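Engineer: Take this structure first; my questions come after.
The values are calculated or read from the model by the stated rules, or taken from the named source; none is laboratory data. Bear in mind that the values here come from a model prediction, so they are computed numbers and not experimental data. Neighbour counts are summed over all protein chains in view; Cβ atoms, including those assigned to glycine, are modelled from backbone coordinates with ideal geometry.
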Amino acid sequence: MKNRLFRCVMAAVACTILISGCAKEEPAPPEGYVEIDTDPEDVDDTVVPEEELHFAEAVPYTGDEQKEDTTVTASESGEDNEKDDKASADDSEEADGKDKDKDKESEEYLPGYKTEEEWKERHTGSVSYIWEPTVIVSIFIDEEEDVWTKDEKQKILDICNIGYGFVDEYMEENYDTDVELIYDWTEDPELAYSVRLYEDIPAYVTTEQERYLDDLELGWVSEIPYRELCLKYNTSSIGFLYLVPHEGCSYTSMHFTDDGSNIWNEGSLMYLQDMYSDTLEYETPTVFAHELLHLFGAEDFYASAEVFSKETYDTLAKECEDDIMLRTFIEVDGVYTTFPDEVYGEITPVTAYLLGIGDDNIVKDIPELKRKEAACFPGSVYDRPF
Ligand SMILES: [Zn+2]
């Protein structure tokens, strides 16, 4: 197992990218955050369904032998897909036979998209359009000294319910768009998993640490029967929550179109508590909603993201002043203030446009936001200044 993860990590290191969008504009990361230990030998790569910790009737993934084989194949998907692409180009008999087998397998698991290749032609990343049913899988990360409690997990689900409920209602009322998010693991235990990590995830993750974590996440996701979940819920849109049992600054890793299929699975690393809150209150529903919209193609609107020009950020600050992509907290008399029981803010037409709703007129004053394709991040993460 360890060996496989190590290979997977190494393969991913070669082609991986990572990007983050910390929802907070200020303040700067604190001094002295914990350096992550980047030795893969220290990592326990065991991923187990929530059979012990689960509240509902657990349905641990045991699959038949063939399905288990498929899962293993998927665990090296980054490498294999590249091989498949090359094999197709060669068009050799042997490769052709292999491809047919692969296609057959993919057809079985990706409803609505005949092959994995077609799935990835959409450029949206694994989380596609906000109007498609989307499965969100929760992966609770237990650290050596810090393990998720049942109450904390329930708290996170409660916060999800508020944040995701807001997006659902807002999109329906304002944009006549039905949102269907499938994430409640009390209803379906297959939507939540635990992993054990014998090192601590820092509260503020640097770019280098993000890349390391992205590789770990790739390994975890490969152990989850996510294609079966797609089949079960008749969708090919799937995202992941990596949940950390302490305070920190949450962020999202997105797919970029020019980076091909290397990093396809999109997910958000979410902390239990907000590191910027003096009282270390729980992460807020607003941040959960903000990170969710990233998965569907929304950009950060605050200037410190440093992706667009100053002019664009000035316009966004004016036109979208209450957008949750601009700010997830407010300052009241200079005090950092968040809202634990509600989402405080809007999803403006500019954000809706990035999700794929509305035409280019919406961004006529903000040409840098114009999209050739909806609901995806154009370019490559390497072009971005993070
Ligand atoms: Zn963000």
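Engineer: Residue check: is GLU321 over 30 Å from GLU132 (Cα atoms), free of Cβ contacts under 8 Å to residues at least 12 places away in the same chain and surrounded by fewer than 18 Cβ atoms within 10 Å (Cβ to Cβ)? Talk me through it step by step, then tell me what you get.
Structural biologist: Numbers: over 30 Å from GLU132 (Cα atoms): no; free of Cβ contacts under 8 Å to residues at least 12 places away in the same chain: yes; surrounded by fewer than 18 Cβ atoms within 10 Å (Cβ to Cβ): yes.
Against the criterion (over 30 Å from GLU132 (Cα atoms), free of Cβ contacts under 8 Å to residues at least 12 places away in the same chain and surrounded by fewer than 18 Cβ atoms within 10 Å (Cβ to Cβ)), GLU321 does not qualify.
Engineer: Taking the range 172-187, which residues are out of contact with any Pro (no Cβ under 7 Å at 6 or more places or on another chain) and in contact (Cβ under 8 Å) with a residue 24 or more places away in the chain? Step through it out loud before you land on a result.
Structural biologist: To start, the set of residues in the range 172-187 that are out of contact with any Pro (no Cβ under 7 Å at 6 or more places or on another chain) comprises 172-179, 181, 183-187.
Once the filter is applied, which keeps residues that are out of contact with any Pro (no Cβ under 7 Å at 6 or more places or on another chain) and in contact (Cβ under 8 Å) with a residue 24 or more places away in the chain, the range 172-187 yields ASN174, TYR175, THR177, ASP178, VAL179, LEU181, TYR183, ASP184, TRP185, THR186, GLU187.
Engineer: Regarding GLU210, is this residue of a type in the set (Asp, Glu), surrounded by 18 or more Cβ atoms within 10 Å (Cβ to Cβ), touching a Pro at 6+ places or on another chain (Cβ under 9 Å) and touching a residue at least 24 places away in the same chain (Cβ under 8 Å)? Spell out the reasoning first.
Structural biologist: On the way: of a type in the set (Asp, Glu): yes; surrounded by 18 or more Cβ atoms within 10 Å (Cβ to Cβ): yes; touching a Pro at 6+ places or on another chain (Cβ under 9 Å): no; touching a residue at least 24 places away in the same chain (Cβ under 8 Å): yes.
When the stated conditions are applied, GLU210 does not pass them.
Engineer: Residues in the range 347-359: is at least one in contact (Cβ under 8 Å) with a residue 40 or more places away in the chain, among the hydroxyl-bearing types (Ser, Thr, Tyr) and away from the ligand (no atom under 15 Å from the Cβ)?
Structural biologist: no
Engineer: Scan (1) in contact with a Gly (Cβ under 6 Å, 6 or more places away or on another chain); (2) within 22 Å of GLY165 (Cα to Cα) for the single condition ASP274 breaks and write down its number.
Structural biologist: Answer for ASP274: the failing condition is (1).
Engineer: Here's something else I'd like to know. If only one of ASP184, ASP142, ASP146, ASP214 is over 20 Å from the mean Cα position of the chain (by Cα) and either charged (D, E, K, R) or not in a helix (DSSP H, G or I) (or both), which one is it?
Structural biologist: Values: ASP184 fails: over 20 Å from the mean Cα position of the chain (by Cα); ASP142 fails: over 20 Å from the mean Cα position of the chain (by Cα); ASP214 fails: over 20 Å from the mean Cα position of the chain (by Cα).
After applying the criteria, what remains is ASP146.
Engineer: Checking the conditions here, which among GLU169, GLU152 is of a type in the set (Asp, Glu), touching a residue at least 60 places away in the same chain (Cβ under 8 Å), part of a helix (DSSP H, G or I) and surrounded by fewer than 19 Cβ atoms within 10 Å (Cβ to Cβ)?
Structural biologist: Values: GLU169 fails: touching a residue at least 60 places away in the same chain (Cβ under 8 Å).
Only one candidate passes the filter, namely GLU152.
Engineer: For the subset of the range 266-315 comprising residues that are away from the ligand (no atom under 13 Å from the Cβ) and among the hydrophobic types (A, V, I, L, M, F, W, C), which member is nearest to the chain's Cα centre (by Cα)?
Structural biologist: LEU272
Engineer: Applying the selection to the range 316-338, what residues are of a type in the set (S, T, N, Q) and either within 14 Å of the ligand (Cβ to nearest atom) or not in a loop (DSSP other than H, G, I, E, B) (or both)?
Structural biologist: Of the range 316-338, the ones of a type in the set (S, T, N, Q) are 328, 337-338.
Of everything in the range 316-338, those that are of a type in the set (S, T, N, Q) and either within 14 Å of the ligand (Cβ to nearest atom) or not in a loop (DSSP other than H, G, I, E, B) (or both) turn out to be THR328, THR337.
Engineer: Another one. Here is a list of conditions, (1) assigned to a loop (DSSP other than H, G, I, E, B); (2) away from the ligand (no atom under 16 Å from the Cβ); (3) not hydrophobic (A, V, I, L, M, F, W, C), and GLN209 meets all of them except one; can you say which number that is?
Structural biologist: In the conditions (1) assigned to a loop (DSSP other than H, G, I, E, B); (2) away from the ligand (no atom under 16 Å from the Cβ); (3) not hydrophobic (A, V, I, L, M, F, W, C), GLN209 misses (1) alone.
Engineer: If you don't mind, another one. For the range 242-265, give me the residue count where each residue is part of a loop (DSSP other than H, G, I, E, B), more than 16 Å from the ligand (Cβ to nearest atom) and modelled with pLDDT of 85 or more.
Structural biologist: Going residue by residue through the range 242-265, those that are part of a loop (DSSP other than H, G, I, E, B) are 249-250, 254-255, 260-265.
Checking the rest, the ones that are also more than 16 Å from the ligand (Cβ to nearest atom) come to 260-265.
Those still in the list that are modelled with pLDDT of 85 or more too: 264-265.
Qualifying residue count, the range 242-265: 2.
Engineer: Scan the range 350-365 for residues that are more than 23 Å from the chain's Cα centre (by Cα) and on the phi < 0 side of the Ramachandran plot and report the count. Walk me through how you get there before you give the answer.
Structural biologist: Here is the first cut: in the range 350-365, the ones more than 23 Å from the chain's Cα centre (by Cα) are 358-365.
Remaining after also requiring on the phi < 0 side of the Ramachandran plot: 359-365.
Final tally of qualifying residues: 7.
Engineer: Can you say whether PHE288 is in a loop (DSSP other than H, G, I, E, B) and buried (at least 24 other Cβ atoms within 10 Å of the Cβ), as far as the supplied structure shows? Walk me through how you get there before you give the answer.
Structural biologist: Working: in a loop (DSSP other than H, G, I, E, B): no; buried (at least 24 other Cβ atoms within 10 Å of the Cβ): yes.
No; evaluated as a whole, the condition is false for this residue.
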